[in-house]
Amino acid sequence: MQSRGLIVFIDAIANYFTSTTGTEAIVGTPFLAKDVTEYIEDYTGIIGISGSKKGSIVFSAPSRMMCRVVQCMGLSSTREEELMDLVGEVCNTVSGNARREFGENFNITVPITIKGKPENFAVSEITNIFIIPIEWSRLRANLIVNLEDS
Amino acid sequence: MKIMIVDDSMVIRNKITQMLKNQDFEIVATAQNGLEALEQYKQFKPDVMTLDITMPLMDGIETIQAIMDVDDSVRILVISALVDKATLINAMKLGAYGFLCKPFSDTDLADALEELVEDLN
């Protein structure tokens with residue numbers, strides 16, 4: 001996937017934070033990475049992609065960021081169950097919004113969520129893995145875009 | 001007015017529930033997939049539903065079909081991140097009454113629900 005295809009993901013993640021929390025996120029310049037393990041935070045949501053493109057979309061965020069987002073949504077409970085659910089929902093929303101660019105054949109799975117930082121986190125053997133850094137409320141998360149044409 | 005909330009995300013179900021507390025809706029059921037929604041629908045007969053599309057076991061499109069086979073009077077507001085025209089048109093053709101894109105604000109949801117029920121009150 002070429003870097004110009006990332007704009008839809010940058011717009012989607014920025015819109016997510018603005019719409020959901022009322023506070024803008026700062027989305028940094030995407031960069032290429034070979035090993036994504038160092039970009040994995042406390043909670044991670046993973047969506048598999050098939051159809052017109054194949055690969056995955058990963059959103060990984062620290063626990064404190066997910067707690068604050070839940071609170072901004074007007075919800076009082078920030079149990080682990082809610083934080084895991086939220087990280088999957090962010091990933092689902094960003095991936096679903098990408099259909100605006102890629103169309104109805106951009107198929108997304110329901111999210112898988114994981115807690116913690118595995119020693120080796122491999123997304124796939126697709127060459128171009130882009131990291132999109134996000135800063136919100138002085139906390140840092142990462143959107144990992146790992147796609148190629150089918 | 002009776003409403004049912006269907007979404008596989010607990011946080012989204014809780015957010016919608018929280019938002020509806022100050023409105024004229026009685027939340028009669030929530031469900032996390034289409035199969036649960038169908039069962040709950042038969043039991044509680046809500047007037048209005050909010051419905052996600054991407055869900056495990058039975059997705060939102062299949063759920064609209066299944067519920068319309070039982071009763072086509074329910075008003076379904078699809079709330080989904082899938083923003084392509086084909087999904088929207090398909091949902092509306094099958095019987096959905098409105099469509100709200102994720103992510104959404106409280107105001108977006110309130111406006112969408114108001115439009116959904118404006119001629120029912």
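Would you say A:S95 is farther than 18 Å from A:T127 by Cα and free of Cβ contacts under 8 Å to residues at least 40 places away in the same chain? So A:S95 fails the test. Is it fair to say B:I64 is touching an Asp or Glu at 6+ places or on another chain (Cβ under 9 Å) and of a type in the set (A, V, I, L, M)? Against the criterion (touching an Asp or Glu at 6+ places or on another chain (Cβ under 9 Å) and of a type in the set (A, V, I, L, M)), B:I64 does not qualify.
Would you check which residues across region B:17-50 are closer than 13 Å to B:L116 by Cβ and within 14 Å of the chain's Cα centre (by Cα) and list them? Result: B:L20, B:F25, B:P46, B:D47, B:V48, B:M49, B:T50.
Applying the selection to region A:16-56, what residues are aliphatic (A, V, I, L, M), within 13 Å of another protein chain (Cβ to nearest Cβ) and more than 19 Å from A:E135 (Cβ to Cβ)? Scanning region A:16-56 gives A:I47, A:I49. Among the residues of region A:12-33, are any surrounded by fewer than 21 Cβ atoms within 10 Å (Cβ to Cβ), charged (D, E, K, R) and out of contact with any helix residue (DSSP H, G or I) (no Cβ under 6 Å at 6 or more places or on another chain)? Checking region A:12-33: not a single residue is surrounded by fewer than 21 Cβ atoms within 10 Å (Cβ to Cβ), charged (D, E, K, R) and out of contact with any helix residue (DSSP H, G or I) (no Cβ under 6 Å at 6 or more places or on another chain). Does region B:63-78 contain at least one residue that is at the interface with another protein chain (Cβ under 10 Å from one of its Cβ atoms) and buried (at least 17 other Cβ atoms within 10 Å of the Cβ)? No, that holds for no residue.
Quick one: in region B:26-55, of everything that is in a loop (DSSP other than H, G, I, E, B) and open to solvent by 50 Å² or more (accessible area, probe 1.4 Å), which residue is farthest from the other protein chains (Cβ to nearest Cβ)? This residue is B:K45. For A:A61, the criteria (1) free of Cβ contacts under 8 Å to residues at least 60 places away in the same chain; (2) within 21 Å of A:E24 (Cβ to Cβ) hold in every case but one, which is (1).
Scoring B:L88 on the criteria (1) at pLDDT below 95; (2) under 21 Å from A:L75 (Cβ atoms); (3) of a type in the set (A, V, I, L, M) leaves a single failure, condition (2).
Select from region A:63-115 the residues that are open to solvent by 60 Å² or more (accessible area, probe 1.4 Å) and part of a helix (DSSP H, G or I) and write down the one among them that is farthest from the other protein chains (Cβ to nearest Cβ). Here the answer is A:R64. Looking across region B:79-121 at every residue that is surrounded by fewer than 19 Cβ atoms within 10 Å (Cβ to Cβ) and hydroxyl-bearing (S, T, Y), the one that is nearest to the other protein chains (Cβ to nearest Cβ) is identified as B:S105. Of everything in region B:1-22 that is more than 14 Å from chain A (Cβ to nearest Cβ) and either surrounded by fewer than 23 Cβ atoms within 10 Å (Cβ to Cβ) or over 19 Å from B:M58 (Cα atoms) (or both), the residue that is modelled with the lowest pLDDT is B:M1.
The values are calculated or read from the model by the stated rules, or taken from the named source; none is laboratory data. Note that the coordinates shown come from a computational prediction; the quantities given were computed from them, not determined experimentally. Neighbour counts are summed over all protein chains in view; Cβ atoms, including those assigned to glycine, are modelled from backbone coordinates with ideal geometry. With ligands, DNA and RNA removed, areas are computed over all heavy atoms of the protein, side chains included. Shrake-Rupley method; radii C 1.70, N 1.55, O 1.52, S 1.80 Å.
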